[in-house]
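Asker: Handing you this structure, nothing more for now.
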Amino acid sequence: MKNIEFKAELRNIGLARSICLVMDARSMGVLLQTDEYVRVPEGRLKRRVERNEDTGAIREEWIWYDRADRTNARVSRWTILDETQVAVRWPSLDRKISNIIIKRRELWRAGNVRVHLDAVAGLGNFLDMEGIVGIGDDPAATRLRVGTLIGKFRPALGEPVSGSYADL
């Protein structure tokens, strides 16, 4: 899969929620996520355990992704994996955890863009956007949509962030 991603400090989470409501973004609930990062030769690999705050449903998955560490919107390629797929792809992987990130994620949806209002333990609040580029979608149109949304959220944002939460 492919996304157009952007991440920045979130200085005013209440304002960001209001912006979501004004632009008719749809609230998709609150997720409590624990990401355990494991080093791989290329890209990033994390094991995510996620609990839906409303339903209590728990999901566990591995996520591999690769993207440039830049502060502007950038392309991210990612894949969801299960335990067997991780073992096949990296047969000699030392699953030693290099970093753990715990966050409370408010998930909003604005068209094909997932807007995350993240409260990350020990780091603060962040806005994270993922413009989903599906099969047959125009990546340039998704990049434009993400850019438009960045502009709408600008009054609530601090500095852009280039890397992952694990890098912070």
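Asker: Does Arg114 meet the test of being farther than 26 Å from Pro41 by Cα and out of contact with any Pro (no Cβ under 8 Å at 6 or more places or on another chain)?
Answerer: Numbers: farther than 26 Å from Pro41 by Cα: yes; out of contact with any Pro (no Cβ under 8 Å at 6 or more places or on another chain): yes.
It is true that Arg114 is farther than 26 Å from Pro41 by Cα and out of contact with any Pro (no Cβ under 8 Å at 6 or more places or on another chain).
Asker: Looking for whichever is over 20 Å from Gly14 (Cα atoms), touching a residue at least 40 places away in the same chain (Cβ under 8 Å) and not polar (S, T, N, Q) here; the options are Pro155, Pro160, Pro139. Which one fits?
Answerer: Details: Pro155 fails: over 20 Å from Gly14 (Cα atoms); Pro160 fails: over 20 Å from Gly14 (Cα atoms).
One residue alone meets the criteria, Pro139.
Asker: Residue by residue through segment 52-74, note down the ones that are assigned to a strand (DSSP E or B) and either open to solvent by less than 60 Å² (accessible area, probe 1.4 Å) or over 17 Å from Lys103 (Cβ atoms) (or both).
Answerer: Here is the first cut: in segment 52-74, the residues assigned to a strand (DSSP E or B) are 52, 58-67, 74.
Residues satisfying the conditions are Asn52, Glu61, Trp62, Ile63, Trp64, Tyr65, Asp66, Arg67, Arg74.
Asker: Quick one: count up the residues across segment 145-168 that are surrounded by 14 or more Cβ atoms within 10 Å (Cβ to Cβ) and in a helix (DSSP H, G or I).
Answerer: Residues of segment 145-168 that are surrounded by 14 or more Cβ atoms within 10 Å (Cβ to Cβ), as a first pass: 145-147, 149-150, 152-153, 156-158, 160-166, 168.
With the extra rule that they be in a helix (DSSP H, G or I), the set shrinks to 145-147, 149-150, 152-153, 156, 165-166.
Selection size over segment 145-168: 10.
Asker: For segment 115-133, give me each residue that is on the phi < 0 side of the Ramachandran plot and either free of Cβ contacts under 8 Å to residues at least 60 places away in the same chain or among the small types (Gly, Ala, Ser) (or both). Give the steps one after another, and end with the answer.
Answerer: Going residue by residue through segment 115-133, those that are on the phi < 0 side of the Ramachandran plot are 115-121, 123, 125-133.
Result: His116, Ala119, Val120, Ala121, Leu123, Gly131.
Asker: Do we have Arg77 as surrounded by fewer than 17 Cβ atoms within 10 Å (Cβ to Cβ), basic (Lys, Arg) and over 14 Å from the mean Cα position of the chain (by Cα) here? Walk me through it before giving the result.
Answerer: Numbers: surrounded by fewer than 17 Cβ atoms within 10 Å (Cβ to Cβ): yes; basic (Lys, Arg): yes; over 14 Å from the mean Cα position of the chain (by Cα): no.
It is false that Arg77 is surrounded by fewer than 17 Cβ atoms within 10 Å (Cβ to Cβ), basic (Lys, Arg) and over 14 Å from the mean Cα position of the chain (by Cα).
Asker: Right, here's the next one. Being open to solvent by 20 Å² or more (accessible area, probe 1.4 Å) and of a type outside the set (D, E, K, R) is the filter; apply it to segment 80-91 and report the residue that is nearest to Ile19 (Cα to Cα). Don't jump to the end; show me each part of the working.
Answerer: Applying the first criterion (open to solvent by 20 Å² or more (accessible area, probe 1.4 Å)) to segment 80-91 yields 80, 82-85, 87-91.
Now restrict to residues that are of a type outside the set (D, E, K, R): 80, 84-85, 87-88, 90-91.
Details: Ile80: 30, Thr84: 41, Gln85: 39, Ala87: 42, Val88: 43, Trp90: 42, Pro91: 45 Å.
Taking the candidates together, the pick is Ile80.
Asker: Condition first: farther than 30 Å from Arg95 by Cα and in a strand (DSSP E or B). Now tell me which residues in segment 10-42 satisfy that. Break it down stepwise before answering.
Answerer: The first filter runs over segment 10-42 and keeps only residues farther than 30 Å from Arg95 by Cα, leaving 10-29.
Answer for segment 10-42, where residues must be farther than 30 Å from Arg95 by Cα and in a strand (DSSP E or B): Leu10, Arg26, Ser27, Met28, Gly29.
Asker: Next question. Filtering segment 92-112 down to residues that are of a type in the set (D, E, K, R) and open to solvent by less than 50 Å² (accessible area, probe 1.4 Å), which residue is farthest from Leu21 (Cα to Cα)? Reasoning before the result, please.
Answerer: Initially, segment 92-112 is screened for residues of a type in the set (D, E, K, R), giving 94-96, 103-106, 109.
Filter once more, keeping what is open to solvent by less than 50 Å² (accessible area, probe 1.4 Å): 103, 105-106.
Numbers: Lys103: 22, Arg105: 16, Glu106: 13 Å.
Of everything passing the filter in segment 92-112, Lys103 is farthest from Leu21 (Cα to Cα).
Asker: Right, something else. Mind checking whether some residue in segment 3-10 is farther than 15 Å from His116 by Cβ and either open to solvent by less than 40 Å² (accessible area, probe 1.4 Å) or in contact (Cβ under 8 Å) with a residue 24 or more places away in the chain (or both)?
Answerer: First, pick out the residues of segment 3-10 that are farther than 15 Å from His116 by Cβ: none.
No, that holds for no residue.
Asker: Further question: If I ask for residues that are open to solvent by 40 Å² or more (accessible area, probe 1.4 Å), under 22 Å from Met1 (Cα atoms) and not basic (Lys, Arg), which ones from segment 113-144 would you list?
Answerer: Of everything in segment 113-144, those that are open to solvent by 40 Å² or more (accessible area, probe 1.4 Å), under 22 Å from Met1 (Cα atoms) and not basic (Lys, Arg) turn out to be Ile135, Gly136, Asp137, Asp138, Pro139, Ala140, Ala141, Leu144.
The values are calculated or read from the model by the stated rules, or taken from the named source; none is laboratory data. All values reported here derive from a predicted model rather than from experimental measurement. Every residue, glycine among them, receives a Cβ derived from its backbone with ideal geometry; neighbour counts consider all protein chains shown. Heads up: the accessible areas ignore ligands, DNA and RNA and are worked out on the full protein's heavy atoms, side chains in. Shrake-Rupley method; radii C 1.70, N 1.55, O 1.52, S 1.80 Å.
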